[in-house]
Amino acid sequence: QMPHQGRPAPFTQPWRSLGEPQAPFSLPAPRWPVECEVIQERIEHIEWVPPKPEPFCPPMGPEQALYTLGEEQGTVVYHSSPALQGSCFTRARVGGAPGPLSSPAAPLEGPQDTTLLFESRFESGNLQKAIKVGPYEYVLMLRPDLYTAKHTQWFYFRVQNTRQEPLYRFTIANMAKPKSLYGQGLRPLLYSQRDAQSRGIGWRRVGTDVCYYRGSAGEPAMFRLSWTVRFPHDGDTCFFAACYPYTYSDLRRYLRALAADPARSRHCTVQPLCRSLAGNTVYLLTITGPGGTAGKRAVVASARVHPGESGGSWAMRGFLDFLLSAHEDAQLLRRLFVFKVVPMLNPDGVVVGNSRCSLAGRDPNRAYGKALPGSFPAVWHLRAMVQRVLAEREVVLYCDFHGHSRKNNVFVYGCDAGGDGAGTRLRQRVFPLMLSKNAPDKFSFSSCKYRVQKSKEGTGRVSMWRLGVSHSYTLEVAFSGSTLGGRSSHFSVEDLESLGHLLCDTLLDFCDPVPAKVGLDPAQGAPVPLDHGDTSSVPQLQQCLVEVDVLLQRQMGREPGSGGSWSDVSPSELES
């Protein structure tokens, strides 16, 4: 079923069939709701990996929060709030609101005026208001997800007119969640344009006295995130963000580069899965090796159903980079499987800087069970596509890439309803166990959960499992970083991308056709063992099944081999 509501797709054919030369890949500008003002400047950031891991900061308790003047005692220096016509989305256009832009920032009174100039009317930007409450102190308000009054979490905004000497304090006064990794050492990200241009330095963790605490009384309760920072230069243009931004335009530049690369594009077709409510294309990538798709099992992956979880896009990029590479394991994966990948399920939410919702004003990851193509097109078309794939082949794995704001490390949510046999329930836990062995400094097996709660029936993970995908997971990547393997540091972009590679590695361990890892002998096209160094450390299926069984028995307080089974114990009891 091609794009709903009669909207023509920008291209109705894949840009080529596997193995044929590709047609040029067009990049129309993103479409925005007509209420949104958008500045003309193109915002782009260089990629950079810090030379050493960036440690968590010592968390401050709420009692240590420095007193901040109330908003009512300050001066509003920035206010950008889309004039939403009614409570629901009506139409979109390239470039957002027509006509001249308003001036949401207060003008400077002269060269001595040290007021910061704020801006957030760019792709994925989110800042609604800035109130100056002291010479170098600002209270900030985030914009709720469009057409809702809630979900304030993601932030991404620009400041200009910086001074190097003073210590600035910023307090975001309307964070929505009672708990946050900012209370456990997470620090905000800063990008200095001058450092990027002169020293090649990109996004870095900054902030001292980072504090997360309940704000004023009242319902619904609002929470405050506060930090202090010194800017690296006078007169610089800087950005703050909750996580490394990855915009819809970033994805489309990636796809354009992929189309222009003959080596990688031979393994991949790109098609429109559908159009979003605003008319932005939701892309579907099909990746496989030579010899067609006959007899191959399928793997389905998706990301960015929640727009504020940008770490999921960096992990997805690592996944695609590895799958499309010349690495022997990547060649083998393409020979064994057909991969169906939707790298950005909610492009509208990403474009406008939402945290959780689409332009329907609801969370698309609760809509799989009852989604209508007119309200949640990407979710509806993804589910329909998986149903079509299941009709012709086994789907061995579904993985939906997310970010997590309250727990450190990387972990998964799986599906164990308790009614299956012990073998099936064990296998649900084997893939995460293998991933923890392949990524011991990032992935926490003990943080994984498998209960299928009633409130989660509308998620992609549970919906795909109910359709018949035997191993269906939500991959959760902390906004912060890792506390494992001697680390206590933030994830870099490189860490996030490595998760995609490690996921591919684990898929091979999980589905290995023979006990040793195998690759392709280019001369004969026949499987040969790959040299992975010490193969005794390679986690294998049987070994991991035994290990999970032992772990579950210990969890129930039984000694392995003592008789008795955990298989009649419900998932909720196991997890308590």
Qualifying positions in the stretch 455-478 - touching a helix residue (DSSP H, G or I) at 6+ places or on another chain (Cβ under 7 Å) and open to solvent by 20 Å² or more (accessible area, probe 1.4 Å): LYS456, LEU467, GLY468
Just to be sure before I move on: is ARG334 more than 23 Å from VAL350 (Cα to Cα), in the same structural domain as PHE376 (by the TED database), in contact with a Gly (Cβ under 9 Å, 6 or more places away or on another chain) and at pLDDT 95 or above in the structure I sent? yes
Can you give me the number of residues within the stretch 317-367 that are touching a Lys or Arg at 6+ places or on another chain (Cβ under 6 Å) and more than 30 Å from PHE240 (Cα to Cα)? 3
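Could you check, for the stretch 409-417, whether at least one of its residues is under 22 Å from the mean Cα position of the chain (by Cα), on the phi > 0 side of the Ramachandran plot and not aromatic (Phe, Trp, Tyr)? First the steps, then the outcome.
Filtering the stretch 409-417 down to residues under 22 Å from the mean Cα position of the chain (by Cα) leaves 409-415.
Then keep just the ones that are on the phi > 0 side of the Ramachandran plot; that gives 409.
Add one more test, that the residue is not aromatic (Phe, Trp, Tyr), and what stays is 409.
Yes, there is a match, as at least one residue in the stretch 409-417 is under 22 Å from the mean Cα position of the chain (by Cα), on the phi > 0 side of the Ramachandran plot and not aromatic (Phe, Trp, Tyr).
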Going through TYR413, TYR398 one at a time, which residue ends up being under 17 Å from THR474 (Cβ atoms), hydroxyl-bearing (Ser, Thr, Tyr) and open to solvent by less than 10 Å² (accessible area, probe 1.4 Å)? TYR398
Would you kindly identify the strands (runs of 3 or more DSSP E) lying entirely within the stretch 175-278 that contain at least 2 residues that are open to solvent by 10 Å² or more (accessible area, probe 1.4 Å), within 30 Å of TYR147 (Cα to Cα) and not assigned by the TED database to the domain that holds GLY289? 208-214, 223-229
Name the residues in the stretch 129-151 that are assigned to a loop (DSSP other than H, G, I, E, B) and either within 19 Å of PHE89 (Cα to Cα) or of a type in the set (Gly, Ala, Ser) (or both), would you? ARG143, PRO144, ASP145, LEU146, TYR147, THR148, ALA149, LYS150, HIS151
Determine which single condition TYR156 fails, assuming it passes every other condition in (1) open to solvent by less than 10 Å² (accessible area, probe 1.4 Å); (2) without any contact (Cβ under 8 Å) to a residue 60 or more places away in the chain. (2)
Take ARG317 and tell me if it is within 24 Å of SER480 (Cβ to Cβ), open to solvent by 10 Å² or more (accessible area, probe 1.4 Å) and of a type outside the set (Ser, Thr, Tyr). yes
Unique match (being in the same structural domain as HIS45 (by the TED database), open to solvent by less than 50 Å² (accessible area, probe 1.4 Å) and in contact with a strand residue (DSSP E or B) (Cβ under 8 Å, 6 or more places away or on another chain)) among PRO144, PRO104: PRO104
Just checking: which of the helices (runs of 4 or more DSSP H) contained wholly in the stretch 305-363 hold 2 or more residues that are among the charged types (D, E, K, R) and over 26 Å from LEU127 (Cα atoms)? 311-323, 328-336
With the checklist (1) over 23 Å from the mean Cα position of the chain (by Cα); (2) in a loop (DSSP other than H, G, I, E, B); (3) crowded, with 17+ Cβ neighbours inside 10 Å in hand, flag the one item THR293 doesn't pass. (3)
Restricting the search to the stretch 418-454, which residues are more than 30 Å from GLY485 (Cβ to Cβ), open to solvent by less than 50 Å² (accessible area, probe 1.4 Å) and touching a strand residue (DSSP E or B) at 6+ places or on another chain (Cβ under 9 Å)? GLY418, VAL452
At pLDDT 95 or above and within 11 Å of ARG224 (Cα to Cα): which single residue out of GLN160, GLN153 fits that description? GLN153
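The values are calculated or read from the model by the stated rules, or taken from the named source; none is laboratory data. On a predicted model such as this, the values are computed, not experimentally measured, just so you know. Glycine gets a Cβ as well: all are built from the backbone with ideal geometry, and neighbour counts include every protein chain shown. The protein model used for the area step is the full one, side chains on, heavy atoms only, and it has no ligands, DNA or RNA in it. Shrake-Rupley method; radii C 1.70, N 1.55, O 1.52, S 1.80 Å.
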